[in-house]
Amino acid sequence: MSEVYTLPKDQYLFCVRKNGQFVTMKWDEAAGDLIIFVFDENMKFAYSFRMPNEELYADPENDCFYVYADNGSSLERWDFNGVKETVFSLQHGMKIADYDPASGFAAVLEDSVVPGVSQDLMLYNIEKDEFIFEQPGYSFSYRFLDDLLIASCNIPQDGAENKYITALNTIPLSENGGERLLRMPDDSYLTCYYGTSVALTASAVFEAETETFLPTVYYLTDIKAGRITLPIGELGAASYLVSCYLPETDKIVAASYIYDENDADAGHPELYLIDPAAAQYADELKPVERPVQEVGTRPLTPGWEELRAKADAIEKDFDVTVYFGDQALDYQDGSGYVFVSLEDPAYVLDDATPTEQTGQMLDMLRKGLSEYPDGFFGHFKNSRGQGGLRIMLVRDLTNPDGDFLAGGVAYKYGAWYNVAIGADNIGDTDTIHHEIWHAAESRIEKDVGNAFYGDEWEALNPPGFEYSEDLDHYYEHQELFAYIIPWDYDASKYDGVWFAEIYSTVTGCEDRATLIETLTSEGFDFEGTGYARPDEWIAQMPHLQAKLDYLAGLSEKVFGCVYWETILDRMPKG
């Protein structure tokens with residue numbers, strides 16, 4: 001005899017407590033938070049409470065649930081009355097991937113200093129407040145199982161784009177040096193269960209040529225023994241599968257739905273009982289070599305030593321990294337552009353040699369960096385002092401097809417916030433400030449993950465407005481010219497200004513960068529605007545000021561100051 005309960009509208013079952021109470025959850029879109037509802041064992045409503053919209057998971061054994069707060073940098077334990085306590089908080093640049101209450105360990109991800117590797121994986125012993133394991137992490141899922149951390153990984157191969165093999169990474173919690181990296185079927189992921197080291201493994205290979213997923217293949221994997229079965233033929237027709245482990249019977253129960261190929265609306269459910277003890281393991285999982293990532297720069301070209309000394313001095317004074325000439329070419333990966341070196345033999349100037357122009361660029365870079373608050377660039381480094389802001393001075397930035405030139409580009413790669421600036425765009429500090437804002441925005445997003453993609457930023461634009469995403473023809477959108485700062489500084493139009501310039505309407509990130517550039521521009525027209533400072537002028541445009549106020553709050557939260565206030569104070573006047 002079974003009972004069927006209907007959940008209230010828009011609510012999802014979160015867990016069932018030891019005392020039989022049902023707990024559901026609902027996202028309140030208008031308020032931007034979660035509502036937790038508690039029902040008795042007969043599904044009669046008891047009470048509810050609100051909490052921030054964060055990632056959470058239940059721990060029925062300890063009758064509580066855990067919340068990955070502050071964009072994953074803090075772990076909170078909540079009871080079912082809405083009372084919380086902080087278990088631990090991490091330093092900047094770290095986030096929680098998984099937590100095991102039984103062992104007191106957390107899997108922690110941190111930005112990596114290694115190019116091409118987005119994160120490092122560490123094991124954190126909460127009680128001892130120490131990290132006992134660290135390596136470049138390629139994993140896309142993590143799960144604690146008894147005395148192991150299990151991770152599914154995609155290991156890059158030969159430095160080729162989108163070429164990788166799938167591996168099972170097992171990391172013991174009780175010893176050092178016992179880690180294993182074992183080859184798995186391509187594009188596979190594991191469903192692990194407490195109480196057994198046998199996992200149900202699904203491989204859903206994506207075929208790039210046809211842009212389709214091949215039928216999912218299922219296996220059993222004995223994680224601790226490092227072995228795998230042949231494909232389980234009975235599960236081959238399953239369109240999707242939900243499973244659980246029954247420790248009292250040592251069986252895996254899997255429920256699937258089988259679609260009818262001839263009728264999209266027809267199909268039938270099936271239930272499978274899988275006995276791990278009867279499984280025939282066909283293969284030992286083979287070890288996988290973890291690739292070695294080497295970080296190096298091209299040798300300095302003879303004759304450029306004096307410029308390198310000038311760049312070294314900038315690095316020391318401002319806590320940044322600077323590359324120019326052929327050395328900059330080592331860091332174009334991830335930018336989406338091809339860097340053309342200032343040492344390119346086809347690059348000839350009538351009025352300066354490449355070394356002379358590079359010297360001028362370094363002088364302008366020093367001038368721009370000197371306007372930032374003291375210690376500002378240290379905020380770009382991770383908690384171990386790695387990475388940071390890296391600046392490349394290049395001749396040109398071209399797209400792979402060679403038909404588009406960018407003046408500058410900012411991109412995050414590993415633990416590095418990279419800024420590349422083309423030679424034609426460093427006659428003043430405007431491009432420096434524009435690109436550094438892009439880097440600052442990426443840094444802000446680490447701490448405030450939804451800062452620029454939620455309703456708050458959308459509300460700062462005209463009703464119904466959408467960014468054009470049109471990098472090639474944005475000047476043709478004539479209807480948007482009414483929204484930008486008038487070229488004749490007509491103050492009667494200021495109430496209708498929503499964007500600094502027409503380029504601002506292409507994307508949100510360019511909207512923000514052009515606003516900061518306008519605020520910090522060396523070319524500010526004191527006479528034409530009638531204001532002594534750019535911030536006083538922008539204050540006359542309420543929609544731009546609202547955007548600037550929003551960005552100021554984020555800057556203060558992440559960098560400890562509204563950083564452009566220092567730029568405005570330090571910029572040469574007149």
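The values are calculated or read from the model by the stated rules, or taken from the named source; none is laboratory data. Fair warning: this is a prediction, and the values are worked out from it, not measured in the lab. Every residue, glycine among them, receives a Cβ derived from its backbone with ideal geometry; neighbour counts consider all protein chains shown.
Output the number of residues of segment 40-61 satisfying the condition of being surrounded by 14 or more Cβ atoms within 10 Å (Cβ to Cβ) and not acidic (D, E). Working first, answer last.
Going through segment 40-61, the residues surrounded by 14 or more Cβ atoms within 10 Å (Cβ to Cβ) turn out to be 43, 48-49, 51, 53-54, 56, 58-59.
Subset that is not acidic (D, E): 43, 48-49, 51, 53, 56, 58.
Result for segment 40-61: 7.
Looking at segment 190-232, which of its residues are surrounded by 17 or more Cβ atoms within 10 Å (Cβ to Cβ), aromatic (F, W, Y) and touching a Phe, Trp or Tyr at 6+ places or on another chain (Cβ under 8 Å)?
Y193
Name, by its number, the condition in (1) on the phi > 0 side of the Ramachandran plot; (2) surrounded by 16 or more Cβ atoms within 10 Å (Cβ to Cβ) that does not hold for W304.
(1)
Y411 is checked against (1) under 22 Å from the mean Cα position of the chain (by Cα); (2) farther than 26 Å from L471 by Cα and fails just one. What number does that condition carry?
Only one criterion in (1) under 22 Å from the mean Cα position of the chain (by Cα); (2) farther than 26 Å from L471 by Cα is unmet by Y411, namely (2).
For segment 365-383, give me the residue count where each residue is more than 26 Å from the chain's Cα centre (by Cα) and either aromatic (F, W, Y) or closer than 17 Å to D396 by Cα (or both).
Total meeting the criteria: 1.
Could you identify the single residue in A439, A423 that is modelled with pLDDT of 90 or more, of a type in the set (A, V, I, L, M, F, W, C) and within 20 Å of K557 (Cα to Cα)?
On the way: A423 fails: within 20 Å of K557 (Cα to Cα).
Going through A439, A423 in turn, the sole match is A439.
Any idea which residue in segment 320-364 is nearest to I432 (Cα to Cα), counting only those that are within 30 Å of the chain's Cα centre (by Cα) and polar (S, T, N, Q)?
Among those residues, the one meeting the criterion is T321.
Quick test of your reading of the structure: A107 fulfils all but one of (1) exposed (fewer than 15 other Cβ atoms within 10 Å of the Cβ); (2) modelled with pLDDT of 90 or more; (3) among the small types (G, A, S). Name the failing condition by number.
Single failed check for A107: (1).
I'd like the full set of residues that are under 20 Å from A539 (Cβ atoms) and surrounded by 12 or more Cβ atoms within 10 Å (Cβ to Cβ), limited to segment 477-496.
Y483, I484, I485, P486, Y489, A491, K493, Y494, G496, listed by residue number.
Limited to segment 170-225, what total is found for residues that are over 25 Å from the mean Cα position of the chain (by Cα), in a loop (DSSP other than H, G, I, E, B) and under 25 Å from S243 (Cα atoms)?
14
In segment 270-309, what count of residues is obtained for those that are over 27 Å from the mean Cα position of the chain (by Cα) and under 18 Å from S341 (Cα atoms)?
Final tally of qualifying residues: 11.
Residue-by-condition table, conditions (1) of a type in the set (A, V, I, L, M, F, W, C); (2) in the same structural domain as T166 (by TED's automatic domain parsing); (3) modelled with pLDDT of 90 or more; (4) within 30 Å of Y138 (Cβ to Cβ):
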site	(1), (2), (3), (4)
P276	no, yes, yes, yes
A279	yes, yes, yes, yes
K310	no, no, yes, no
A313	yes, no, yes, no
A352	yes, no, no, no
E356	no, no, yes, no
D363	no, no, yes, no
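Could you tell me whether any residue of segment 328-339 is of a type in the set (V, I, T), under 16 Å from N418 (Cβ atoms) and surrounded by fewer than 21 Cβ atoms within 10 Å (Cβ to Cβ)?
Within segment 328-339, one or more residues are of a type in the set (V, I, T), under 16 Å from N418 (Cβ atoms) and surrounded by fewer than 21 Cβ atoms within 10 Å (Cβ to Cβ).
What number of residues within segment 297-354 satisfy the criterion of being in a loop (DSSP other than H, G, I, E, B) and either touching a residue at least 24 places away in the same chain (Cβ under 8 Å) or of a type in the set (F, W, Y) (or both)?
Number of matching residues: 19.
Taking into account only those residues within segment 66-122 that are touching a Cys at 6+ places or on another chain (Cβ under 7 Å) and part of a strand (DSSP E or B), which is farthest from N154 (Cα to Cα)?
So the residue we want is W78.
Looking only at strands (runs of 3 or more DSSP E) that fall completely inside segment 376-445, which ones have 3 or more residues that are in contact with a strand residue (DSSP E or B) (Cβ under 7 Å, 6 or more places away or on another chain) and surrounded by 20 or more Cβ atoms within 10 Å (Cβ to Cβ)? Spell out the reasoning first.
Values: elements: 388-394, 396-398, 408-413, 416-422.
Hits in segment 376-445: 388-394, 408-413, 416-422.
Give me the pairs: first residue in segment 367-392 and not assigned by TED's automatic domain parsing to the domain that holds F339, second residue of a type outside the set (F, W, Y) and surrounded by 21 or more Cβ atoms within 10 Å (Cβ to Cβ), beta-carbon distance under 7 Å, and six or more apart or on different chains, which are they?
So the pair list comes out empty.
Residues checked against (1) hydrophobic (A, V, I, L, M, F, W, C); (2) over 20 Å from the mean Cα position of the chain (by Cα); (3) surrounded by 15 or more Cβ atoms within 10 Å (Cβ to Cβ):
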position	(1), (2), (3)
V67	yes, no, yes
L75	yes, no, yes
D79	no, yes, no
G82	no, yes, no
E85	no, yes, no
G93	no, no, yes
A97	yes, no, yes
Q119	no, no, yes
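Could you tell me whether P156 is in contact with a Gly (Cβ under 8 Å, 6 or more places away or on another chain), over 18 Å from I223 (Cα atoms) and either of a type outside the set (S, T, Y) or modelled with pLDDT of 85 or more (or both)? Let's see the steps before the verdict.
Details: in contact with a Gly (Cβ under 8 Å, 6 or more places away or on another chain): yes; over 18 Å from I223 (Cα atoms): yes; either of a type outside the set (S, T, Y) or modelled with pLDDT of 85 or more (or both): yes.
Against the criterion (in contact with a Gly (Cβ under 8 Å, 6 or more places away or on another chain), over 18 Å from I223 (Cα atoms) and either of a type outside the set (S, T, Y) or modelled with pLDDT of 85 or more (or both)), P156 qualifies.
Working only within segment 446-476, note down all residues that are outside any loop (DSSP other than H, G, I, E, B), surrounded by 16 or more Cβ atoms within 10 Å (Cβ to Cβ) and at pLDDT 90 or above.
W457
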